[in-house]
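The values are calculated or read from the model by the stated rules, or taken from the named source; none is laboratory data. Small disclaimer: the values here were computed from a predicted structure and weren't measured. Backbone-built Cβ (ideal geometry, glycine too); neighbour counts: all protein chains shown. Note: accessible area is taken over every heavy atom of the protein model, side chains too, but ligands, DNA and RNA are not part of it. Shrake-Rupley method; radii C 1.70, N 1.55, O 1.52, S 1.80 Å.
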Amino acid sequence: MATTLFAIPTRGPGLTEFTPEIAAWVAGTGLAEGLLTLFVRHTSCSLAIQENADPDVRRDLLAFFRRLAPPADDPAQAGITHRSEGPDDMPAHIKAALLPVSLSIPVIRGRLALGTWQGVYLFEHRAQPHRREVAAHLA
Amino acid sequence: MATTLFAIPTRGPGLTEFTPEIAAWVAGTGLAEGLLTLFVRHTSCSLAIQENADPDVRRDLLAFFRRLAPPADDPAQAGITHRSEGPDDMPAHIKAALLPVSLSIPVIRGRLALGTWQGVYLFEHRAQPHRREVAAHLA
Amino acid sequence: MATTLFAIPTRGPGLTEFTPEIAAWVAGTGLAEGLLTLFVRHTSCSLAIQENADPDVRRDLLAFFRRLAPPADDPAQAGITHRSEGPDDMPAHIKAALLPVSLSIPVIRGRLALGTWQGVYLFEHRAQPHRREVAAHLA
């Protein structure tokens, strides 16, 4: 069994891939069969597994979630009370509820069982850059 | 390895925190490193990890999901056929599909790797109070 | 510990149950207490746990997600750039972000801890039939 923390710097809203960092850590443990679990330690960003080919996919995803939960000062937004940290505060909590806080990926013959097009991402929901922590467990 | 069932009484729509019950159970097992998995045994409530500071966050979340999937008798609602148990029946299934049915949290040095502001909640989607069961696994 | 791959043929948009296949595999391993994890190896379909009684629930779910993320050629749709594989391409990625890519279910006394009404489904988001793979891990 192994645990670690990944630190992921973000640049504001959007998806930051960290598949290579995860794969390197898993390979380094030498585990042949097992389960990797990732857990994001925040309430205003998420994990995501998405296509890692066309960058338009990430742009469209970001735009979709912005329309679904617009900033509190957007005319399309309604009914947001909590604005302690600004208009992007509560929409970030909403997205963090909708998108995965934990993800588990089997390890088979020493490799993550990701599909051909799957990449693992940290999805930042806040307007400002942040340093995010993802706890990882492998057994 | 340990398993248990948490029974969580709810008071109708909203978020009920049960982080202390989980933390006490994990501490009681004496496990230093491992993985906690929670699994909700229903199709009309969910798990959620959310900010446990400002209660406005939970109110805004509840309101957001009510707008996203309004009751079947709400003028804003469209296209709901299944109403066996009333107008809150199908919207509860929709929210149960959108929000987590299972969550996994690493245990590091005897403690859940939750971030500073993260609490674990049972999110009730039905109009009436219920007694909900969450299966827990620790290994 | 055991791992396997489930192959699930789909017939276009909708939910395909594979609870019996999972339960048979878990029973075949003889494991009494543990954790089953499922992981879908694609970015345009999802896992779902839903009511397995009234088929209207699955129809209403399908209709809800079609309204939430309509095809790129639907007048209700806005702001989709990525259409490499047609108008159902990007909405499938959006639904794959919103719905579970992995699910973990405790095994207690040799049985999955599913609730009475819970079935495990593969949720196809593309317009055409596909053959989908779900990696499974049991320990």
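When you look at A:L36, is it more than 9 Å from every other protein chain (Cβ to nearest Cβ), closer than 19 Å to A:W25 by Cα and in a strand (DSSP E or B), yes or no? Reasoning before the result, please.
Working: more than 9 Å from every other protein chain (Cβ to nearest Cβ): yes; closer than 19 Å to A:W25 by Cα: yes; in a strand (DSSP E or B): yes.
Here the answer is yes, as A:L36 does meet what is asked.
Looking only at strands (runs of 3 or more DSSP E) that fall completely inside region C:43-131, which ones have 1 or more residues that are more than 7 Å from every other protein chain (Cβ to nearest Cβ) and among the β-branched types (V, I, T)?
Numbers: elements: C:45-51, C:102-108, C:118-124.
Output list reads C:102-108, C:118-124.
Looking at this structure, is A:D56 open to solvent by less than 40 Å² (accessible area, probe 1.4 Å), within 17 Å of A:A127 (Cβ to Cβ), over 14 Å from the mean Cα position of the chain (by Cα) and of a type in the set (D, E, K, R)? I'd like the intermediate steps shown before the answer.
Numbers: open to solvent by less than 40 Å² (accessible area, probe 1.4 Å): yes; within 17 Å of A:A127 (Cβ to Cβ): no; over 14 Å from the mean Cα position of the chain (by Cα): yes; of a type in the set (D, E, K, R): yes.
Considered against the rule, which asks whether it is open to solvent by less than 40 Å² (accessible area, probe 1.4 Å), within 17 Å of A:A127 (Cβ to Cβ), over 14 Å from the mean Cα position of the chain (by Cα) and of a type in the set (D, E, K, R), A:D56 comes out as no.
Keeping to region B:59-83, report how many residues are touching a Gly at 6+ places or on another chain (Cβ under 6 Å) and open to solvent by 50 Å² or more (accessible area, probe 1.4 Å). Even if it seems obvious, please write down each step before you answer.
First pass over region B:59-83, keeping only residues touching a Gly at 6+ places or on another chain (Cβ under 6 Å): B:62-63.
Remaining after also requiring open to solvent by 50 Å² or more (accessible area, probe 1.4 Å): B:62.
Residues that pass the stated criteria total 1.
Among (1) open to solvent by 40 Å² or more (accessible area, probe 1.4 Å); (2) on the phi < 0 side of the Ramachandran plot, there is one condition A:V40 misses while meeting the rest; what is its number?
(1)
Of the residues A:I22, A:I8, which is in contact (Cβ under 8 Å) with a residue 60 or more places away in the chain, more than 9 Å from every other protein chain (Cβ to nearest Cβ), assigned to a helix (DSSP H, G or I) and in contact with a strand residue (DSSP E or B) (Cβ under 7 Å, 6 or more places away or on another chain)? Explain how you work it out, then say what you get.
Numbers: A:I8 fails: assigned to a helix (DSSP H, G or I).
Selected residue: A:I22, the only one of A:I22, A:I8 that is in contact (Cβ under 8 Å) with a residue 60 or more places away in the chain, more than 9 Å from every other protein chain (Cβ to nearest Cβ), assigned to a helix (DSSP H, G or I) and in contact with a strand residue (DSSP E or B) (Cβ under 7 Å, 6 or more places away or on another chain).
Being open to solvent by 10 Å² or more (accessible area, probe 1.4 Å) and touching a Lys or Arg at 6+ places or on another chain (Cβ under 7 Å) is the filter here; which residues of region B:84-112 pass it?
B:D88, the sole residue that qualifies.
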